[in-house]
Amino acid sequence: MPTNRALLVTRPNHDLITQYFHKWSEEVLHAAEKKNIKVYDLKGKKAVKSELESYALTQKPSLFFLNGHGNAYVIMGHDNEPIVNASSSLGEGIIYARSCDAGQALGALLIKNGAKTFIGYKRKFICGYSPDKITKPELDPIARIFLEPSNLVVLILIKGHTSQDAHNRSKEAMYKNFRKMISSAASYEERYAARWMWGNLNNQVLIGNPKSKI
Amino acid sequence: MNDEDKIIDQIISDPALKEQLKKLVIERVNVMPDTLRISVGSDDFDKESLLNHVREEDEVGTQIMEMELDFLRGLASGAVYANE
């Protein structure tokens, strides 16, 4: 079942951190549009299982960018309703899940169900943030440190590079930020948050075909 | 599970070591700036709520202890500087 060069994004926004993910995903959507990649944007209340499965079946996107809460076996959509589980088939696309724990088990199950590659986190995806920026997530300097390297997974893929390249470049960006955070040039907040970045850096995993492209 | 994860699990599973770790983590969380929050899974925490979870040793508290231990082991082993 061949895929179409398209990006499907799920980005619920029913609580604080999903609002952050929702807003920060816009950078990726704009970049995809500039590359003339068709975008299916399941945002807010549209981030539900029925919509996702319908688009996966009819449009066969080559890249899935899933934002939301999760655990080892499920990724959530709007209002924390399950949107992807062990029986989900998303075609033969590449999947990046900005979600907790899905790299533990779900990623491998999605590969078994046909996906080419899964990139996600085997433990919690941590995001630090500044409480005085919650109404403007895009201007939050602490969240930026965590979410920019995460966006990079998808940004590198839509530039036509391999999944392995996307995974590596994202981890390199995380490490670069981490080194800045433990340097004397960092703010007190950044230095404290470095321990959380270390967790994300070590927990991002790639499962499946490392040579896949969209 | 890699070797590092196994070591962290062993430490967390040992009541005496976990108690020592808990005391250390409480001291480290105590210096978290009030101008910083953390999102773990579907929950958001400030310093006081993190401290409560660590004191209670609940799921979130244990995750925070594991995270601190992982970072400290990375500092001690030089792993944090080894990825140039």
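Within the set of other residues whose C-beta is less than 9 Å from the C-beta of residue A:153, count the net charge using Lys and Arg as +1 and Asp and Glu as -1.
Numbers: positive: A:98, A:169; negative: none.
Net of charged neighbours comes to +2.
Among A:73, A:40, A:192, which one shows the biggest mean-square fluctuation in a GNM of chain A, springs joining Cα atoms closer than 10 Å?
Between A:73, A:40, A:192, it is A:192 that shows the largest mean-square fluctuation.
Remind me, relative contact order of chain A in percent, using alpha carbon pairs under 8 angstrom and six or more residues apart? Present the calculation step by step, with values, prior to reporting the outcome.
Working: 474 pairs, mean separation 41.8, N = 214.
Contact order relative to length: 20 percent.
Summarise the partner chain shielding of B:69-81 as one whole number: the mean count of Cβ atoms from other chains within 10 Å of each residue's Cβ.
Numbers: counts 1, 6, 8, 2, 0, 6, 4, 0, 0, 0, 2, 8, 2.
Partner-chain Cβ atoms within 10 Å, mean over residues of B:69-81: 3.
Hey, could you get me the Stokes-Einstein D for chain B, Kirkwood radius over alpha-carbon pairs, 10 °C and 1.306 mPa s, rounded to whole µm² s⁻¹? Can you show the working numbers first?
Values: Rh = 13.6 Å.
It diffuses with D of about 117 µm²/s by this estimate.
Please report the Cα spread of segment A:4-208 along all three principal axes, rounded to whole Å, starting with the longest.
51, 34, 32
Given R₀ = 35 Å, what would the calculated FRET efficiency be for residue A:35 paired with residue A:87, taking r from the Cβ atoms and rounding to 0.05? If you can, show how the numbers build up before the last one.
On the way: r = 32 Å, r/R0 = 0.92.
Step by step, r from the Cβ atoms, then E = 0.60.
Suppose a student asked you for the relative contact order of segment A:165-214, using Cα pairs under 8 Å spaced at least 6 residues apart; what percent would you report?
The normalised contact order for segment A:165-214 reaches 37 percent.
Give me the percent relative contact order of segment A:78-202, please, defined on Cα pairs under 8 angstrom at least 6 residues apart.
Values: 162 pairs, mean separation 23.6, N = 125.
After rounding, I find 19 percent.
What lysines does residue B:23 reach when the alpha-carbon gap must be under 30 Å and sequence neighbours fewer than 8 apart in one chain are set aside?
Those lysines meeting the cut-off are A:122, A:124, A:180, B:6, B:47.
Could you give the length gained by full extension between residue A:80 and residue A:105, i.e. 0.36 nm per residue of separation minus their alpha carbon distance, to one decimal place?
On the way: separation 25, 0.36 × 25 = 9.00 nm, distance 1.89 nm.
Between residue A:80 and residue A:105, full extension yields 7.1 nm more.
Take peptide A:120-133, look around each residue's Cβ out to 10 angstrom, count Cβ atoms belonging to other protein chains, and average those counts.
Numbers: counts 0, 0, 3, 6, 9, 3, 6, 5, 4, 5, 4, 6, 1, 1.
Per residue, the average neighbour count from other chains is 4.
Quick one: angle between helix A:188-203 and the longest Cα principal axis of chain A, in degrees between 0 and 90, rounded to 10, please.
That works out to roughly 30 degrees.
Sorted by packing (mean other beta-carbon atoms within 10 Å per residue), highest first, where do B:2-15, A:46-59, A:92-105, A:160-173 land?
Values: B:2-15: 12.3, A:46-59: 16.8, A:92-105: 24.5, A:160-173: 18.9.
Result, highest mean first: A:92-105, A:160-173, A:46-59, B:2-15.
HN-Hα J couplings of segment B:47-59 from phi, Karplus 6.51/-1.76/1.60, θ = phi - 60°, integer Hz, Gly and Pro as x?
4, 5, 5, 4, 4, 4, 5, 5, 4, 6, 6, 7, 4
Take residue B:55, project a point 7 Å from its Cα along the Cβ direction, then tell me which residues of segment B:1-41 have their backbone nitrogen under 16 Å from it.
Only B:22-32 pass the distance filter.
What does DSSP give for the protein assembly as shown in terms of the percent of beta bridges that are antiparallel, rounded to the nearest 5? The partial results should precede the final answer.
Details: 15 of 34 bridges.
Among the beta bridges of the protein assembly as shown, antiparallel pairing accounts for roughly 45 percent.
Since every read-out is calculated from the coordinates, none of them should be taken as a lab result. Model, not experiment: these values are computed from the prediction. Virtual Cβ from ideal backbone geometry, glycine too; neighbours counted across all protein chains shown.
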